Amino acid sequence: MKYGRIVVGEVSRVCEKTKRIHFHDAEQSPLHFDILVAATGVLNLTPGELPNDIKLYRDMKRHFERVSHAIQDSSRIVIVGAGPGAIQLAGEIRARYADKEITLITASSTPMSSCVAALSNKFHIQLREKLQQLRIRIIYNERVVQPTFKNIDERDRFLRNTTVNTDGNLSLPADLLIWSAPVRTRTEVFPVEWINELGELTVEATFQLRGYPEVFAFGDVTSLPETKQAETLPSKVPVIVHNIEQVAIAIQAGLHGSMAKSLKKYRVRERELICLPLGPEAGVSQITYSRVVGDKYTSDAKGKDLMSDQFWSLLTGRQPSDRKFLDEDERGSECSAPHPSTAATMEMEALAQV
Ligand SMILES: Cc1cc2nc3c(=O)[nH]c(=O)nc-3n(C[C@H](O)[C@H](O)[C@H](O)COP(=O)(O)OP(=O)(O)OC[C@H]3O[C@@H](n4cnc5c(N)ncnc54)[C@H](O)[C@@H]3O)c2cc1C
């Protein structure tokens, strides 16, 4: 990184008055800030998201091997949630195992209810047909009351040999239970005044916190009325970077952040672009509200390699052909800056032109 440094540590508290960030590790000195960007995301217990303490490639590989063996050894798999993550996971399991019983449980009356912008009827019809073909059952309007996410060890990321009970008195035996519904936004380290009733950081269209112009928030942790997707982030980056620069200029001139000039505003995306693979060869995508495409497009755009080449390039600044797995020594090596617009977005934008 040319202009900056990476500090590794788990933040325990952010103090707005003293402008300090404190760490859980008492040995780690607090950091002072003039401008803060909060981007702590959402706590998710799905096995697809790595437990916090995994830092090395070797441990990551072990984690996924353990999850993979648990899936292999289970006949009845219950997934809590029916959002994009839960459905994609079910599709991946079905692509590998024809005979497993796969059940998703959601408190909503439709799949994908976490998508804020509208998904068309066409999308929903295709999705339901495909799930039926793949024998992926979804139970709607039932909230899982036992076990709860608190029973899921953050390190293990699944429960084995349990009975799943719902508020509608359903009782389902499960050899494997995976919790694929978001648990909460990770705002516990911030002052309560920053947090809205949904537990999110309340941002303006400038990405500044309402009432705190020197504090920005970005990504899943914010209150922006948009589906929480990584794919939305590249178009937001130029807006927040410009605004941080403007606030920095104001502070350097001895002014308060609220005096910053010519701030840009982000316009919430109206259309819903979603690419939902169901294993490497199947899936459904909504390109525009009226344009819904099926297996081939979804597979080519995402399902066949889950965009791993593109993300490799994005995160390392290298060509996909240079791709190799990181070993421990490489973990800390410096990477050049990624291109500001992600390959994922470019691919979906290209698909939108087809
Ligand atoms: C299984 C799954 C599949 C997904 N698939 C897609 C997809 O196909 N397409 C798509 O567009 N989006 C997808 N998403 C959503 C996407 O991952 C998120 O929108 C994106 O990661 C949000 O980025 P973020 O930077 O806001 O938060 P995160 O990526 O969650 O990053 C937050 C970071 O903050 C750190 N952090 C939190 N609290 C602390 C603390 N106290 N101290 C120090 N560090 C802290 C976390 O460790 C983490 O590194 C998926 C999500 C999941 C869970």
Discussion item. Could you check the range 243-265 and list, in sequence order, the residues that are outside any helix (DSSP H, G or I) and touching a strand residue (DSSP E or B) at 6+ places or on another chain (Cβ under 9 Å)?
Written reply: 256, 260, 263
Item to complete: Can you run down the residue pairs with Cβ atoms below 8 Å, 6 or more apart or on separate chains, where the first is in the range 25-53 and over 30 Å from residue 248 (Cβ atoms) and the partner is part of a strand (DSSP E or B) and not acidic (Asp, Glu)?
Response: 43/184; 43/185; 45/179; 46/178; 46/179; 47/178
Discussion item. Test of understanding: among 113, 109, which residue is hydroxyl-bearing (Ser, Thr, Tyr) and under 14 Å from residue 86 (Cα atoms)?
Written reply: 113
Practice prompt. For the range 205-222, state whether one or more residues are over 30 Å from residue 73 (Cα atoms), at pLDDT below 95, under 15 Å from the mean Cα position of the chain (by Cα) and polar (S, T, N, Q).
Written response: no
Item to complete: Counting only residues that are in contact with a Ser or Thr (Cβ under 9 Å, 6 or more places away or on another chain), touching a residue at least 12 places away in the same chain (Cβ under 8 Å) and more than 29 Å from residue 275 (Cα to Cα), give me the strands (runs of 3 or more DSSP E) lying completely in the range 99-183 with at least 3 of them.
Response: 159-166, 171-179
Item to complete: Only one of these is of a type in the set (S, T, N, Q), out of contact with any helix residue (DSSP H, G or I) (no Cβ under 8 Å at 6 or more places or on another chain) and under 30 Å from residue 210 (Cα atoms): 113, 109, 171. Name it.
Response: 113
Discussion item. Based on this model, can you work out whether residue 2 counts as free of Cβ contacts under 8 Å to residues at least 60 places away in the same chain, outside the structural domain of residue 149 (by TED's automatic domain parsing) and loosely packed, with under 11 Cβ neighbours inside 10 Å?
Written reply: no
Worksheet item: Looking only at the range 10-29, which residues are part of a loop (DSSP other than H, G, I, E, B), surrounded by 15 or more Cβ atoms within 10 Å (Cβ to Cβ) and out of contact with any Gly (no Cβ under 9 Å at 6 or more places or on another chain)?
Response: 16, 19
Worksheet item: If the Cβ limit is 8 Å and pairs must be 6+ apart or interchain, which residue in the range 223-244 that is surrounded by 19 or more Cβ atoms within 10 Å (Cβ to Cβ) pairs with which residue that is among the basic types (Lys, Arg)?
Response: 243/264
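The values are calculated or read from the model by the stated rules, or taken from the named source; none is laboratory data. Please read these numbers as outputs of a predicted model, since none were measured by experiment. Using ideal geometry, Cβ is built from the backbone for each residue, glycine included, and neighbour counts are taken over all protein chains shown.
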